[in-house]
Amino acid sequence: MAKLRKDFLWGGAVAAHQLEGGWQEGGKGVSVADVMTVGANGVERRITDGVQPGENYPNHDAIDFYHHYKDDVKLFAEMGLKAFRTSIAWTRIYPNGDETEPNEAGLKFYDDLFDELLKNGIQPVITLSHFEMPYHLVTEYGGWRSRKVIDFFVRFATTVFKRYKDKVKYWMTFNEINNQADYNAKFALFTNSGLLIKPGENAEAVMYQAAHYETVASALAVQIGHQINPNFQIGAMIAMVPIYPASPDPRDVFKAERAMQSRYWFADVQANGRYPSWLTEYQKAKQMNLDITLADLDVLKAGTVDYIGFSYYMSFAVKAKKDEPAAFDYQEGVDKVENPTVERSEWGWQIDPVGLRYAMNWFNDRYRLPQFIVENGFGAVDKIDAQHHVYDDYRIAYLKAHIEQMKLAVEVDGVDLIGYTPWGFIDLVSAGTGQMDKRYGFIYVDKNDEGKGTLARYKKDSFYWYQQVIKSNGEDL
Ligand code: P53
C-alpha cells in the first residue's frame with residue numbers, strides 16, 4: 001500500500017486579489033476583480049463599468065496581506081505549511097496588460113514575498129491567472145475573445161518565469177479554466193476570461209473562442225516555462241465538480257457523461273494535447289465558426305501540462321430532459337438537479353467526500369498524470385467569542401472526511417498526489433459572493449461584509465488541528 005509521499009506538500013491556498021488588498025499600491029492596475037461589488041448569500045456580485053464612487057469593492061483592501069505578509073507568513077510557518085499557493089496579480093506586473101515593459105515595483109513585491117516564504121521553509125506554488133486579468137484588456141480588447149491577449153499573457157508568463165525561476169517550481173496557468181463551461185453565468189465568463197456578453201451575442205460560441213485562446217496561451221506558457229527551467233512543473237487548474245446521473249436511467253447516465261465532457265474538455269486539451277472528437281463535431285453542428293488554426297493545434301500538442309491541479313468542493317447531479325436533442329447538450333444552470341443523498345452547506349454546496357476519491361480516480365484513468373489538490377474547504381459563518389476563540393469543529397469534520405478519501409485514492413487506488421493545499425486557510429474575500437463572512441480559514445481575520453474590522457488575526461481550532469495533520473503527515477486526523 002503506497003503512502004503519501006515523504007515530501008508531500010501540505011499547504012494552503014489563496015489568490016492575490018482575494019487577500020492582498022493594496023489595489024493601487026506600487027503602480028498596480030485595475031483588475032476585473034476590482035470592478036466587482038460585494039454580494040451576499042444568494043445575491044450576485046455586480047460588475048460595474050469601471051471603478052465607481054460609492055460602491056463597496058471588497059477586493060480593493062481585502063485582508064491587506066500586502067502590508068501584513070511578514071507577520072502572516074510567521075503564522076503559516078507556525079502551522080507547519082510546506083507550500084503556499086497564491087497567484088501573481090497580473091496587474092502588478094503589467095498594470096494594463098498590454099505594456100511592453102513590466103512594472104518593477106510589482107516584481108519586487110513578489111520577490112520579497114517569496115523570499116519571506118522560502119526563509120520560513122515554505123515553497124510558493126503559483127497560479128498565473130486567477131480571476132484577476134487587467135480590466136484594460138476587457139475594455140480595449142473584449143477580454144479573451146481577442147487573439148491578441150495570447151501574446152499579452154505569454155509576455156506576462158515569460159517575465160515571471162524568468163524572474164522567479166529559482167524560487168518557484170510548481171506553476172499553474174489558468175485558475176479553474178473550466179468554470180466558464182457554465183456559459184450562461186456572467187460571473188464565470190467575466191472572472192475566467194474578461195467576457196461581457198453583448199445583446200444578441202451567442203455566449204456559448206464566445207466562451208468556446210475565448211477558452212480556445214486560453215488553452216493555446218497555456219500550452220505556449222508550458223513550452224516557454226520548460227525552456228526557462230526544465231525543472232518547472234506546470235499544471236492545469238480545473239474546478240472538479242463530478243456530475244452524477246440523477247438515476248440509473250440510461251438517458252440520465254448519458255446526460256451525465258455529456259455534462260462531464262462539457263465541463264472537462266479543457267483538461268482533455270491541456271493534458272492530452274488535442275480536442276475530444278465530440279466537441280469538434282458539436283462546434284461544427286452549432287456553426288460556431290471558431291478561429292482554431294492548424295498552427296494552434298500543433299501548439300496544443302506540444303504544450304501539454306505536467307500535472308493536474310484541481311479544486312474540489314462538491315458534486316452535482318443531472319437528469320435528462322424528456323426531449324433531449326441528439327447532442328444532449330449540457331447547460332449547467334438548467335440541467336443541474338439536487339442530490340438527495342448528500343448534505344449541503346449554507347451556500348447550497350453539496351458535501352460529498354467520496355466524490356473526491358471518485359474524481360481522483362477519474363483523472364487518473366483519463367490522464368495518468370500526477371495530481372495536486374490545490375483547493376478544498378468549507379465556507380461557513382464562524383462565531384468568535386470574547387476571548388477570540390472560534391470552535392470550528394464543522395470545518396475540521398469536512399476537511400477530515402475529505403483527507404480520508406484523498407488518502408484512499410493514494411493508498412488503495414495508486415494515485416500519484418503531489419500535495420494538498422486547502423482553500424482560504426486564512427480568511428479572505430469570497431470569489432463568488434465577495435463576502436468576508438463566508439469563511440474558510442484556520443486563521444480568523446477580523447473584518448466583516450461591510451468592510452469593517454481591526455484586521456487582527458486569531459487562530460481557530462482548525463489551526464491547531466491542521467498543524468497536527470501536517471506534523472503526522474496525515475496520519476493523525
Ligand atoms: P467562494 C465556484 C465553484 C467552485 C469553486 O469559492 C469556485 C467557484 C467560484 O466561486 O471558485 C474557487 O469564494 C476559486 C476561489 C474561490 C473558491 O473556489 O465563492 O478558485 O477563488 O474563492 C471558493 O466560496
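The values are calculated or read from the model by the stated rules, or taken from the named source; none is laboratory data. In this text the structure is predicted, and so the values were computed from the model without any measurement. Note that we place each Cβ from the backbone using ideal geometry, even for glycine, and neighbour counts take in every protein chain shown. Only protein heavy atoms, including side chains, enter the accessible area calculation; ligands, DNA and RNA are left aside. Shrake-Rupley method; radii C 1.70, N 1.55, O 1.52, S 1.80 Å.
Annotations
- Filtering the stretch 285-315 to residues that are open to solvent by 20 Å² or more (accessible area, probe 1.4 Å) and in contact with a strand residue (DSSP E or B) (Cβ under 7 Å, 6 or more places away or on another chain) leaves 306, 314.
- Pairs where the first residue, in the stretch 432-443, is open to solvent by 10 Å² or more (accessible area, probe 1.4 Å) and of a type in the set (Gly, Ala, Ser) and the second is modelled with pLDDT of 95 or more and more than 9 Å from the ligand (Cβ to nearest atom), C-beta under 9 Å, 6+ apart: 432/39; 432/45
- Test for residue 401: is it in contact (Cβ under 8 Å) with a residue 24 or more places away in the chain, over 30 Å from residue 286 (Cβ atoms), open to solvent by 10 Å² or more (accessible area, probe 1.4 Å) and among the small types (Gly, Ala, Ser): yes
- If the condition is being within 11 Å of the ligand (Cβ to nearest atom) and outside any loop (DSSP other than H, G, I, E, B), then the stretch 422-445 contributes 423, 439.
- Scanning the stretch 334-350 for residues that are within 19 Å of residue 185 (Cα to Cα) and more than 13 Å from the ligand (Cβ to nearest atom) yields 334, 335, 337, 338.
- All positions within the stretch 329-359 that are open to solvent by 20 Å² or more (accessible area, probe 1.4 Å) and in a strand (DSSP E or B): 336, 337, 343, 344, 351
- Residue 237 farther than 30 Å from residue 160 by Cα, of a type outside the set (Ser, Thr, Tyr) and open to solvent by less than 20 Å² (accessible area, probe 1.4 Å): no
- Checking each residue in the stretch 69-97 for being touching a His at 6+ places or on another chain (Cβ under 7 Å) and open to solvent by 10 Å² or more (accessible area, probe 1.4 Å) picks out only 96.
- Filter result (under 19 Å from residue 204 (Cβ atoms) and in a loop (DSSP other than H, G, I, E, B)) within the stretch 309-328: 321, 324, 325, 326, 327, 328
- Of residues in the stretch 1-58 being polar (S, T, N, Q) and within 16 Å of the ligand (Cβ to nearest atom), the one farthest from residue 109 (Cα to Cα): 41
- The one condition from (1) outside any helix (DSSP H, G or I); (2) more than 14 Å from the ligand (Cβ to nearest atom); (3) in contact with a Leu (Cβ under 7 Å, 6 or more places away or on another chain); (4) open to solvent by less than 10 Å² (accessible area, probe 1.4 Å) that residue 415 does not meet is (3).
- Residue that is farthest from the ligand (Cβ to nearest atom) [pool: residues in the stretch 97-149 that are among the polar types (S, T, N, Q) and within 19 Å of residue 220 (Cβ to Cβ)]: 100
- In the stretch 43-56, the residue that is nearest to residue 112 (Cα to Cα) out of those that are open to solvent by 20 Å² or more (accessible area, probe 1.4 Å) and free of Cβ contacts under 8 Å to residues at least 40 places away in the same chain is 51.
- Residues of the stretch 256-302 that turn out to be farther than 19 Å from residue 203 by Cα, more than 24 Å from the chain's Cα centre (by Cα) and not in a helix (DSSP H, G or I), as a count: 1
- Restricting the stretch 461-476 to residues that are without any contact (Cβ under 8 Å) to a residue 60 or more places away in the chain and either surrounded by 15 or more Cβ atoms within 10 Å (Cβ to Cβ) or not acidic (Asp, Glu) (or both), the residue that is farthest from residue 121 (Cα to Cα): 464
- Of the criteria (1) away from the ligand (no atom under 16 Å from the Cβ); (2) of a type outside the set (Ser, Thr, Tyr); (3) over 20 Å from residue 266 (Cβ atoms), which one residue 363 fails: (3)
- Any hit, the stretch 168-186, residues being more than 16 Å from the ligand (Cβ to nearest atom) and part of a helix (DSSP H, G or I): no
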